[in-house]
Amino acid sequence: MTVLRRTVDTPLPLMPAAAVTHSTRSVRRGDIIQVMRGVYAPRDAWQTLPPWQQYLARVRAHLLNAPGDVLCLESAAALHGLTVVGAAHDIHVLGSASATARTVGGVRVHTSAHPDRVIEEVDGIRLTSIADTCIDVARTRHPAIALAVADAAARVDERCTALTLVTLNEERASARGRRRARWALHRADPAAESPLESLSRAVAEWAGFAEPELQVWFGAEAGDGDRVDLWWPQLRIAGEADGLLKYDGRFGDPRVAIKKREDRDRRL
């Protein structure tokens with residue numbers, strides 16, 4: 001099935017070996033770095049990328065070598081714009097029914113039965129659908145990471161409601177990982193705005209807190225007051241999940257951002 005949207009673009013220029021003059025010498029000088037076999041990128045640009053964008057670049061580099069592969073798990077998640085935690089992941093692809101499960105050169109081939117997965121073709125790339133990618137991650141990864149991916153799926157695609165994801169998980173022919181996936185899929189919520197919020201929700205619940213309300217406004221009408229990420233009305237406790245990106249200068253003077261945060265905290 002082809003859907004009318006685009007995959008996430010490569011965060012830096014990728015150069016196949018044929019486009020690089022004296023690649024070995026350039027790597028030794030530190031001008032470029034080998035992203036995947038036979039694919040290079042400018043070293044300085046690579047080193048400025050956060051881990052999840054480095055992984056996205058590796059996935060894109062693999063597709064230059066093997067454009068016909070079907071991506072799944074974190075590799076499909078990266079191209080769909082879903083949450084990917086860290087960069088030390090293999091490239092995950094679905095093999096044919098006759099293929100052998102293996103990991104070679106950082107590429108892991110999965111051969112589990114997948115006739116009930118929807119394979120999409122987007123921008124010429126074949127990959128598991130957002131819903132199927134979400135379920136695959138929920139069945140095989142840590143529940144907190146699964147929740148971050150489920151929340152992202154609900155944000156990216158309005159069809160990926162908690163009910164839809166739970167139903168698809170239960171309808172899969174294979175029961176492997178089904179029970180494990182339920183916790184995260186039942187909690188998928190598009191109101192969670194970042195992976196850190198999703199991970200915070202998971203930890204708060206495991207610490208004994210009830211499920212919080214998300215993105216609650218105080219002091220004025222919505223859009224003109226102060227908003228908190230997490231709110232427990234019974235306890236009158238608010239929770240915030242702010243990463244360093246908010247204060248590293250990419251959104252303006254960090255001193256101004258910190259001052260606004262302090263004023264907001266006083267009002268709350």
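The values are calculated or read from the model by the stated rules, or taken from the named source; none is laboratory data. Since the structure is predicted, the reported quantities are computational estimates derived from the model, not experimental observations. Every residue, glycine as well, gets a Cβ built from its backbone with ideal geometry; the counts of neighbours run over all protein chains shown. To get the accessible areas, we keep the full protein, side chains included, count just its heavy atoms, and leave off ligands, DNA and RNA. Shrake-Rupley method; radii C 1.70, N 1.55, O 1.52, S 1.80 Å.
If you go through the stretch 17-47 and keep only what is part of a loop (DSSP other than H, G, I, E, B) and surrounded by 12 or more Cβ atoms within 10 Å (Cβ to Cβ), you end up with Val20, Asp31, Arg37, Gly38. For Arg6, the criteria (1) without any contact (Cβ under 8 Å) to a residue 40 or more places away in the chain; (2) not assigned by the TED database to the domain that holds Asp123 hold in every case but one, which is (1). The single residue among Leu56, Leu73, Leu14 that is touching a helix residue (DSSP H, G or I) at 6+ places or on another chain (Cβ under 9 Å), modelled with pLDDT of 90 or more, surrounded by 13 or more Cβ atoms within 10 Å (Cβ to Cβ) and assigned by the TED database to the domain that holds Ser194 turns out to be Leu73. For the stretch 76-116, what are the residues that are open to solvent by less than 40 Å² (accessible area, probe 1.4 Å) and outside any loop (DSSP other than H, G, I, E, B)? Ala76, Ala77, Ala78, Leu79, His80, Ile91, His92, Val93, Leu94, Val107, Val109, His110 - these are the residues of the stretch 76-116 that are open to solvent by less than 40 Å² (accessible area, probe 1.4 Å) and outside any loop (DSSP other than H, G, I, E, B).
Which residue out of Leu127, Leu185, Leu214 is surrounded by 13 or more Cβ atoms within 10 Å (Cβ to Cβ) and assigned to a helix (DSSP H, G or I)? Explain how you work it out, then say what you get.
Numbers: Leu127 fails: assigned to a helix (DSSP H, G or I); Leu214 fails: assigned to a helix (DSSP H, G or I).
Just a single option satisfies the conditions, and that option is Leu185.
Inside the stretch 221-268, residues that are exposed (fewer than 13 other Cβ atoms within 10 Å of the Cβ) and assigned to a helix (DSSP H, G or I) make up a count of 12.
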